[in-house]
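Below is one structure, written out as C-alpha cells, with a few remarks after it.
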Amino acid sequence: MEQIRLSFPAHRALRGQALAGVVGSGDMEVLYTADSGHSLTVEITTSVDNSTARWNALFERLNLTNGLPAGKLVIHDFGATPGVARIRIEQVFEEVNHA
C-alpha cells in the first residue's frame, strides 16, 4: 500500500460533504469535505505502487475542466482504472454542489 499526499490551488467553493464508491468493492472510495480554504488537499491510500504521477495527471486534468474546489479529499483506491477514479471524484463534487 502506498500513501500519497497532494495539494492543489482551489478555484471554487462548495459546502458540505459527500461519499462515492465502496472501498470493499475492489474499486475505490472517495470522501470529500468542503472547507473555506484556498486549496484542495488530497490523501490517497492505494494498492498501486509508484502511481503519484498518474494521480497528479488526473487532478491536473480535473482542474483544467472544472476547477478544483477547496476542501479535503480522501481516496481509498484498490486498483481502480483512471476512468473510474475520475468518475468517483466528479461524483462527490457533483453531490456536494447539488446538496
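Some observations on this one:
- Taking first residues from segment 86-99 that are at positive phi and partners that are open to solvent by 50 Å² or more (accessible area, probe 1.4 Å) and in a helix (DSSP H, G or I), no Cβ contact under 8 Å between residues at least 6 apart in sequence or on separate chains turns up.
- In segment 1-30, the qualifying residues are those that are closer than 18 Å to Ala80 by Cα, assigned to a loop (DSSP other than H, G, I, E, B) and of a type in the set (A, V, I, L, M, F, W, C), and the one that is least open to solvent (accessible area, probe 1.4 Å) is Val22.
- Tallying residues that are within 20 Å of Arg12 (Cα to Cα) and either at pLDDT 95 or above or crowded, with 18+ Cβ neighbours inside 10 Å (or both) within segment 76-89 yields 2.
- Remark: Asn66 falls outside the filter, which requires a residue to be on the phi > 0 side of the Ramachandran plot and open to solvent by 70 Å² or more (accessible area, probe 1.4 Å).
- In segment 48-80, the residues that are under 16 Å from Glu2 (Cα atoms) and in a loop (DSSP other than H, G, I, E, B): Val48, Asp49, Asn50, Ser51, Phe78, Gly79, Ala80
- Only listed residue being surrounded by 14 or more Cβ atoms within 10 Å (Cβ to Cβ) and either in contact with a Lys or Arg (Cβ under 8 Å, 6 or more places away or on another chain) or in a helix (DSSP H, G or I) (or both), chosen from Thr33, Thr45: Thr33
The values are calculated or read from the model by the stated rules, or taken from the named source; none is laboratory data. As the structure is a computational prediction, the values presented were derived from the model and not from experiment. Because the Cβ atoms are built from the backbone with ideal geometry, glycine has one as well, and the counts that use them run over all protein chains shown. Accessible surface areas use protein heavy atoms only, side chains included; no ligands, DNA or RNA. Shrake-Rupley method; radii C 1.70, N 1.55, O 1.52, S 1.80 Å.
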